[in-house]
Amino acid sequence: MAAAHPSEDEPRYEQIGRDVFDDGGAAGGHDRLGPGYRGRPGGPNGPSGPGGPSGPGRPASEEDDGGPAPVPFRISAAAAVRAAWADAAASFAKVSFWALLAAAVAAAGMTAYLLLGWFGVQGEEKPPPLVLYLLTGGALSLAAAILGSLWGFTRGGPAALTFPVRLLACLLRGSALAVLSVGLLLGARAVLGGPGSVEYSVDPGSGLPETPVDAIPAPPGLEFLAVLLVLFEVGVFALVGIGFRALFRARLAGAMLTVLVLCAFAVGNFAAAFMLLPGTLVTERTSIPVNVERDNSGRYLAYECIGQPVRSETVLHSEHVMWLTAGNPAVLYWALASGQVPTGGDAGWVLASLQRSTEGPVWDVACINGVPSDEVQPGFPLSVIGIAGQLGTAAAVTAAGALAGRRRART
């Protein structure tokens, strides 16, 4: 005969024995006390045992699980900074590290000088100082991207360092590169902008000295921009290297993907844009422009249109492909520097044309399809496209690497 259930007034007793205590039996006490119960070491009379404050069968959500107390953010941040500094200081103590930085900075300066000769700027006449200066700044940005991916990949293996610590360590190394980069730019300014290298004229209206349009703008604008962009490129491509290193167990696959992404941003985007550019040459219908305003270079500033589009014009829709170049580190430097460079000189004209390439032919050919200038949509800033593209790529690779690392840790 089955035992009667005790009334609600009577106390209830828990069974004890093999099935309650974990003494190696087939059934443990956790199964008998219910799925929500979590016992603790210390026996049945411990803090969470049947006689403890949690009580028998008490849900785990109502008891203190005894886990570590949450660490305040400032303490964890300070620990991360110390760990990153220790990792970076190990590099600062090596002669090979400084030799690598010196070689990278020297290669950037030499590349800028050779590019002038390659494109025919360097000839019998002295090249504009600003052109060489901007080429040097772009080459330094490329060097930062290369070193950032190298540091990120080589430091992406140790499991003891978290992603933020590895990134911060790479940024500390990048700060050393930024200091050397500023030194190179200041040296170039001293050489290129010295006495006799730039001919100053006098403004006939005011009688004051007039700065030539091809002179290097006053410091520290371009130098400060170089520091920011060097650190940015180191950080972005360090994340790419860290992510690909964590994505695969083998180093070779991650190294190949890191090199491919780096080459795509440094060279491939330029090559793809200029290979696709001829395909954007099409014939459009235009109407007659009136009330035309132009700048000194002959580019349209404003115009109105009359009549129906009856004329045919061959135009180049560069906006369809030139956005691909925005992620190039050198192009990103030039796009950001365009706001500090006068548009009347050779360098200013090139930088302005680079930005106008994302706007299409509407300012070179008026009244395409009968659209006046006040209805033309402005082009998206090239610098914004480049920053967003680099950050998006780094975020995707880092997320994939973090997920792969967690998956391997669970298996």
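Condition check ((1) open to solvent by less than 30 Å² (accessible area, probe 1.4 Å); (2) more than 30 Å from LEU150 (Cα to Cα); (3) aromatic (Phe, Trp, Tyr); (4) not in a helix (DSSP H, G or I)) across all residues:
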{"position": "ALA218", "(1), (2), (3), (4)": "no, yes, no, yes"}
{"position": "ALA226", "(1), (2), (3), (4)": "yes, no, no, no"}
{"position": "GLY235", "(1), (2), (3), (4)": "yes, no, no, no"}
{"position": "THR258", "(1), (2), (3), (4)": "yes, no, no, no"}
{"position": "PHE274", "(1), (2), (3), (4)": "no, no, yes, no"}
{"position": "TYR303", "(1), (2), (3), (4)": "yes, yes, yes, yes"}
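Just give me the residues in the range 143-187 being modelled with pLDDT of 95 or more and among the polar types (S, T, N, Q), in sequence order. Result: SER149, SER175, SER181.
Condition check ((1) touching a Ser or Thr at 6+ places or on another chain (Cβ under 6 Å); (2) more than 30 Å from PHE237 (Cα to Cα)) across all residues:
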site: GLU304; (1), (2): no, yes
site: GLY307; (1), (2): yes, yes
site: ALA330; (1), (2): yes, no
site: GLY339; (1), (2): no, no
site: ALA347; (1), (2): no, no
site: SER353; (1), (2): no, no
site: SER357; (1), (2): yes, no
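So which of LEU382, LEU391 is within 20 Å of the chain's Cα centre (by Cα), at negative phi and open to solvent by 40 Å² or more (accessible area, probe 1.4 Å)? Spell out how you get there, then give the answer.
Details: LEU382 fails: open to solvent by 40 Å² or more (accessible area, probe 1.4 Å).
Answer to the selection: LEU391.
Listed by first and then second residue, the pairs linking a residue in the range 291-306 that is more than 17 Å from ASN369 (Cα to Cα) to a residue that is among the charged types (D, E, K, R), with Cβ atoms under 8 Å apart and 6 or more places separating them unless they lie on different chains, are ASN291/GLU304; ARG299/ARG356; ARG299/ASP364; LEU301/GLU293; LEU301/ARG294; LEU301/ASP295. Looking at LEU140, LEU135, just one residue is crowded, with 24+ Cβ neighbours inside 10 Å, in contact with a helix residue (DSSP H, G or I) (Cβ under 6 Å, 6 or more places away or on another chain), farther than 23 Å from ALA93 by Cβ and modelled with pLDDT under 95, and that residue is LEU135. With respect to VAL310, is the statement that it is on the phi < 0 side of the Ramachandran plot, open to solvent by less than 50 Å² (accessible area, probe 1.4 Å), outside the structural domain of SER141 (by the TED database) and not acidic (Asp, Glu) true? No.
In this structure, does THR280 turn out to be hydroxyl-bearing (Ser, Thr, Tyr), touching a His at 6+ places or on another chain (Cβ under 6 Å) and farther than 30 Å from LEU185 by Cβ?
On the way: hydroxyl-bearing (Ser, Thr, Tyr): yes; touching a His at 6+ places or on another chain (Cβ under 6 Å): yes; farther than 30 Å from LEU185 by Cβ: yes.
Here the answer is yes, as THR280 does meet what is asked.
When VAL376, VAL331, VAL371, VAL350 are checked against the criterion of being open to solvent by 60 Å² or more (accessible area, probe 1.4 Å), among the β-branched types (Val, Ile, Thr) and closer than 28 Å to VAL282 by Cβ, a single residue qualifies: VAL350. Of all residues in the range 318-328, which are open to solvent by 40 Å² or more (accessible area, probe 1.4 Å) and either of a type in the set (D, E, K, R) or over 19 Å from the mean Cα position of the chain (by Cα) (or both)? Answer for the range 318-328, where residues must be open to solvent by 40 Å² or more (accessible area, probe 1.4 Å) and either of a type in the set (D, E, K, R) or over 19 Å from the mean Cα position of the chain (by Cα) (or both): GLU319, HIS320. Within the range 335-347, the set of residues being assigned to a helix (DSSP H, G or I) and open to solvent by less than 50 Å² (accessible area, probe 1.4 Å) comprises ALA335, ALA337, SER338, ALA347. Considering VAL315, VAL397, VAL365, the condition of being in a helix (DSSP H, G or I) and either open to solvent by less than 60 Å² (accessible area, probe 1.4 Å) or at pLDDT 90 or above (or both) is satisfied by VAL397 alone.
The values are calculated or read from the model by the stated rules, or taken from the named source; none is laboratory data. The structure presented is a predicted model; accordingly, all values stated were derived computationally and were not measured. All Cβ positions, even for glycine, are placed from backbone atoms using ideal geometry, and neighbour counts span all protein chains on display. For the accessible areas, the whole protein counts, side chains as well, though only heavy atoms, and no ligand, DNA or RNA atoms are used. Shrake-Rupley method; radii C 1.70, N 1.55, O 1.52, S 1.80 Å.
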